[in-house]
Amino acid sequence: MTVYSGPVFEMAVNQFGVIADHLAIPADERDRLLMPKRAIVVSCPIHRDDGTIAVYEGYRVQHHLTLGPTKGGTRFASSVDLGEVAALAIWMSWKCALVGLPYGGAKGGIAVDPAAISKRELEALSRRYMQEMIPFVGPHTDVMAPDMGTNEQVMAWFMDTYSMYQGRTVTEIVTGKPVASGGTLGRREATGRGVAHLAKRVLKELAIDLNGATAVIQGFGNVGSYAALELHRFGLKIIAVSDHTGALYNKAGLDIPALMRHTAEHGSIKGFSSEMQYDPADIFTTACDVLVPAAMERAIDGPMAEKLQCRVLAEGANGPTTPEADLVLEKRQDEIFLIPDILCNSGGVVVSYFEWVQDLQQLFWEEEEVMRREYQILDRAFDQMVMRAKLDRIPHRTAAMAIGVEKVRAAKNTRGLFP
Ligand code: NAD
């Protein structure tokens with residue numbers, strides 16, 4: 001038992017155990033690699049609109065500081081707890097190392113349903129959270145970014161709050177900001193574009209014609225909607241989409257640009273069409289070429305993995321597939337091509353890194369430059385993962401994580417143990 005214990009943390013621990021066994025990492029090195037360096041828990045009091053005071057619990061976990069500052073999103077959701085945040089921070093570490101960024105992983109969040117509070121309350125809570133975190137973050141210590149339930153506006157409030165305390169504008173304290181406040185072109189779209197880019201690569205390798213190929217997406221937020229838009233642009237039909245309010249299905253393909261306009265206006269896919277209503281429980285079992293889980297972790301468990309009917313599983317979300325489901329996927333004869341989360345959704349942190357670099361240098365790039373460099377990094381990591389999986393005869397997730405863990409381990413071992 002640790003303070004982090006819980007189902008999501010256990011998942012990160014189990015996955016690490018598989019990698020550590022594969023890499024034959026000695027027992028006495030394992031905790032040093034796995035256990036988070038720091039965990040911060042804060043109380044964030046705010047005035048509610050009705051005049052009462054409410055206190056929300058906020059978290060930040062910094063996994064390791066070996067390669068540079070820590071980097072990771074901030075999640076606002078009722079389900080957030082310390083264990084979930086710690087697991088997400090650990091995954092961020094393997095992800096950053098896999099794609100070669102000079103960061104350790106971090107993650108943070110507040111246990112709050114952002115839809116249940118007003119915009120003024122959300123601003124107050126965002127600012128108070130950042131203010132509580134000031135002693136523990138910094139452009140060379142820990143750099144935040146958006147995640148579930150947060151967005152560019154929240155990042156702008158974070159940046160403004162930090163800057164007010166410093167007495168100068170410090171855009172490099174967070175990434176995923178609006179372009180008008182020091183953000184980079186292409187960050188909003190980066191994660192979804194990366195998911196779609198890698199899915200396209202796999203479809204080509206499997207000799208599946210992009211035109212008329214089908215995709216199904218769970219979650220229509222930042223990641224899901226831009227992945228859908230890009231796949232739609234490549235010629236795929238997005239036949240089903242779901243979010244927390246329900247699901248939609250259209251055999252001929254949904255009108256994704258229209259659905260994005262609808263969600264921008266109404267906040268969800270609800271009310272888009274009454275004829276296309278679909279049972280959200282069927283989203284993962286719908287036959288398709290590309291399945292993109294882009295909502296919660298642990299969405300695909302063992303029994304669900306038996307029923308998947310896709311050719312490519314492109315993990316837009318973090319941790320959407322449980323270790324039990326991984327075992328099922330490994331045994332299935334029909335071989336679903338898995339693009340594991342730490343690679344598949346890494347376009348987000350890659351472009352966050354570009355944003356940080358641009359802010360530090362005050363030299364801004366064209367969107368084409370951002371995209372070209374993003375795809376270059378994703379393609380290199382994809383090639384390394386596929387080669388490693390073939391060489392070691394291991395699943396893609398094990399290969400991707402092994403590359404990440406190995407890099408962190410090498411850095412720790414060459415730096416040595418202080419004092
Ligand atoms: P978001 O808040 O923008 O969107 C989340 C979406 O999931 C919403 O459409 C919501 O309605 C939907 N959803 C929530 N619960 C659901 C349920 N039970 N069934 C179906 N849909 C549900 O969040 P996001 O930024 O798109 O993040 C989604 C996932 O991608 C998370 O796992 C996050 O950690 C991961 N991720 C995000 C980024 C990024 O750049 N935003 C980068 C890497 C990974």
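The values are calculated or read from the model by the stated rules, or taken from the named source; none is laboratory data. Please read these numbers as outputs of a predicted model, since none were measured by experiment. Positions of Cβ are backbone-derived with ideal geometry, glycine not excepted, and every protein chain shown enters the neighbour counts. To get the accessible areas, we keep the full protein, side chains included, count just its heavy atoms, and leave off ligands, DNA and RNA. Shrake-Rupley method; radii C 1.70, N 1.55, O 1.52, S 1.80 Å.
A simple charge model with +1 on the Cβ of Lys and Arg, -1 on the Cβ of Asp and Glu and nothing else charged puts the dipole of the chain at about 820 debye relative to its Cα centre. Using the Cβ-Cβ distance between GLU57 and ALA207 with R0 = 51 Å, the FRET efficiency computed as 1/(1 + (r/R0)^6) comes to roughly 0.50.
Can you give the FRET efficiency for SER43 and LEU417, using 1/(1 + (r/R0)^6), R0 = 51 Å, r = Cβ-Cβ distance, to the nearest 0.05? Walk me through the numbers before you get to the answer.
Working: r = 34 Å, r/R0 = 0.67.
With a Förster radius of 51 Å, E is 0.90.
Under the criterion of Cα pairs below 8 Å and six or more residues apart, the relative contact order for the stretch 45-198 equals 23 percent. Under the simplified labelling scheme, the HIS22-THR285 pair shows an inter-label distance of 3.0 nm, with each label point 7 Å from Cα along Cα→Cβ. Shape analysis of the stretch 188-344 based on the Cα gyration tensor places the equivalent ellipsoid semi-axes at 22, 17, 15 Å, largest first.
Could you tell me the number of lysine pairs in the stretch 275-419 with C-alpha atoms less than 28 Å from each other, where the two lysines are 8 or more residues apart or belong to different chains? For the stretch 275-419, the number of qualifying lysine pairs is 5. Site pair SER273 and ARG261 shows an inter-label distance of 1.5 nm when each label is modelled 7 Å from Cα along Cα→Cβ.
Proximity of backbone amide H atoms, modeled 1.01 Å from N, is registered between TYR56 and CYS44, ILE46 at under 5 Å, excluding neighbours fewer than 5 places apart on the same chain. Each 10 Å bin from zero up to the one holding the largest Cα-Cα distance in the stretch 36-182 carries the following percent of pairs: 12, 45, 35, 8, 1. The string of couplings for the stretch 139-154 from the Karplus curve (6.51, -1.76, 1.60, θ = phi - 60°) is x, 10, 10, 7, 10, 7, 7, x, 8, 3, x, 10, 8, 4, 4, 4 Hz, one whole number per residue in order, with x for Gly and Pro.
Name the GluC sites (Glu not before Pro) in the stretch 275-369 that are in a loop by DSSP and that have at most 16 other C-beta atoms within 10 Å, would you? Show your work: numbers first, answer last.
Working: sites: GLU275, GLU297, GLU306, GLU315, GLU324, GLU330, GLU335, GLU355, GLU366, GLU367, GLU368, GLU369; in loops: GLU275, GLU297, GLU315, GLU335, GLU366.
Qualifying residues, ordered by number: GLU275, GLU335, GLU366.
Stretched out straight at 0.36 nm per residue, the stretch from MET387 to GLU29 would grow longer than its current Cα-Cα span by 126.2 nm.
Working from the alpha-carbon coordinates of the chain, get Rg over Rh, Rh being the Kirkwood radius.
Working: Rg = 20.5 Å, Rh = 21.6 Å.
Taking Rg over the Kirkwood Rh, I get 0.95.
The calculated 222 nm mean residue ellipticity attributable to helices in the chain amounts to -15000 deg cm²/dmol, summing -39500 (n - 2.57) over DSSP H runs of n ≥ 4 and dividing by all residues.
Potential lengthening of the chain between ILE134 and LEU65 amounts to 23.1 nm, from the contour at 0.36 nm per residue minus the alpha-carbon distance. Estimated from the Cβ-Cβ distance and a Förster radius of 22 angstrom, the FRET efficiency linking LYS307 and ASP81 is about 0.15. Compared with the direct C-alpha span, the chain from PHE364 to ALA410 gains 13.3 nm at full extension, assuming 0.36 nm per residue. Altogether, the Stokes-Einstein calculation at 10 °C and 1.306 mPa s, with the Kirkwood radius of the stretch 279-409 over Cα pairs as Rh, returns a diffusion coefficient of 99 µm²/s. For LYS119, a cut-off of 30 angstrom between C-alpha atoms picks up these lysines, skipping any fewer than 8 places away in its own chain: LYS71, LYS107, LYS177, LYS270. Computed with a 1.4 Å probe over protein heavy atoms only, the accessible surface of the chain comes to 41 Å² per residue.
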